[in-house]
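These notes are about the structure you will find just below.
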Ligand code: ATP
Ligand code: SF4
């Protein structure tokens, strides 16, 4: 099988390489308390995010993407704890804060103004008993916008930018709007206070395909206008291809590859990234190739395999993979392509890597009878 291509060709995005780092996550680990003990959902994640970057966190379900996003914005449930690490955020004045340590008051002051979050459409954050106008007014007033007129004008402008009928939507209750419209309102609301960083958790999940397309276009246009930094969580690689400058591939709570989007799609060095790409649908209109999936299952995070957690599923695994967890290292000759694999060189040189990392849907069906 040849390498699958995303529906939209990712551009070689190097525009932010010299921008300042606004979020530096270092060695961050997050655990959930379970009846069988603490379960490591995020493990020693280290990554820098530069101003203006759009970073996609990708990986199969349960790889820790949302937990990392929630940890950054203090939205973890009570059963979770950040067991190690720092997340140094740099505001527009150059002042730095460790998001894992700042007090609640400082955090509340920074939320919406410095960073905001957009959730899945199905878990929309709009208050069902408040009109959209009241939600904008409450949020604006709580964060320093004093004038009702100013908030209204800004809200109407943003609602127009997310391609809604501003006056009608501003005066509606959330239940009077479709899922896609509510998602656009949430995106507009997230931008009300001009935050520097927005985290989007599966922003197009639970929406039909046409609405997904519209939301992607909306986010692209807003970024062109406001140039905010964005982290978005998705298991949809075509979304990453369209929106991301950089892609962090997560497996079993770890970042196993982090590089420019074009590198992810055209020069992946981690077998798991290759496996994920095999699951991207081919371009519409070309010969149909069945979707594929990586053989095996994601590990139980209470019993993470020794060494490289991917070794039970990896055709390249050797003894060292079972013994030592490979560190995330900078690839020689690159400025920012990081990979955690003992055999990445062999993987990239192997002309059959794509075949090795696939199992066709047909074979899977046969395997499960
Ligand atoms: P998905 O794409 O399905 O949302 P994800 O990559 O975002 O997956 P997380 O939701 O962060 O992954 O989950 C990481 C691990 O933590 C999974 O094993 C999940 O079952 C577990 N987990 C998530 N939330 C909780 C919770 N509130 N309590 C206990 N375990 C949790
Ligand atoms: Fe596979 Fe070994 Fe690389 Fe892990 S370190 S991805 S097991 S080759």
Original post:
With springs only between Cα atoms under 10 Å, which of 241, 19, 309 fluctuates most in a Gaussian network model of the chain?
Top reply: 19
Original post:
In degrees from 0 to 90, rounded to the nearest 10, what is the angle of the helix 179-190 Cα long axis to the longest principal axis of the chain?
Top reply: 70 degrees
**OP:** Write down the Kirkwood hydrodynamic radius of the stretch 107-197, to one decimal in angstroms, obtained as one divided by the mean of 1/r over all alpha carbon pairs.
**Re:** 12.9 Å
Original post:
Going by alpha carbons, how many degrees (0 to 90, nearest 10) lie between the helix axis of 209-226 and the longest principal axis of the chain?
Top reply: 70 degrees
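Direction-averaged shadow area of the convex hull around the Cα atoms of the chain, nm²? If you can, show how the numbers build up before the last one.
Working: hull surface 80.0 nm².
Taking a quarter of the hull surface, the average projection is 20.0 nm².
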Original post:
Taking springs between alpha-carbon atoms closer than 10 angstrom, which of 336, 93, 18 fluctuates most in the Gaussian network model of the chain?
Top reply: 93
Subject >> Fewest-first ranking of 254, 60, 242, 346, using other Cβ atoms within 10 Å as the exposure measure >> reply: 346, 60, 242, 254
**OP:** With springs only between Cα atoms under 10 Å apart, run a GNM on the chain and tell me which of 210, 199, 294 wobbles the most.
**Re:** 210
Subject >> Label-point gap, in nm, between residue 336 and residue 163 - each point 7 angstrom along Cα→Cβ >> reply: 2.9 nm
**OP:** Tell me the label-point distance for the pair residue 152, residue 98, using the 7 Å Cα-to-Cβ offset, in nm and rounded to one decimal.
**Re:** 4.6 nm
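Could you list 330, 57 so that the one with the fewest beta carbons within 10 Å of its beta carbon is first and the one with the most is last?
Numbers: 330 13, 57 27.
If I rank by nearby Cβ atoms, fewest first, I get 330, 57.
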Original post:
Angle between the Cα long axis of helix 148-161 and the longest principal axis of the chain, 0 to 90 degrees, nearest 10?
Top reply: 40 degrees
**OP:** Pull up the DSSP beta bridges for the chain and report the antiparallel fraction as a percent, rounded to 5.
**Re:** 65 percent
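Using just the helices of the chain, give the 222 nm mean residue ellipticity in deg cm²/dmol: DSSP H runs with n ≥ 4 each add -39,500 (n - 2.57), and the total is spread over all residues, rounded to 500. Provide the component values of the computation, followed by the final result.
Working: 14 runs with 117 residues, N = 369.
Computed ellipticity for the chain at 222 nm equals -8500 deg cm²/dmol.
Could you list 343, 149 so that the one with the fewest beta carbons within 10 Å of its beta carbon is first and the one with the most is last?
Values: 343 20, 149 8.
Placing the least packed residue first, the sequence is 149, 343.
Where a number appears in this text, it was derived from the coordinates with a stated rule and is not lab data. These numbers were taken from a predicted model, which means no experiment stands behind them. As a convention, Cβ positions derive from the backbone with ideal geometry for all residues, glycine included, and neighbour counts pool all protein chains shown.
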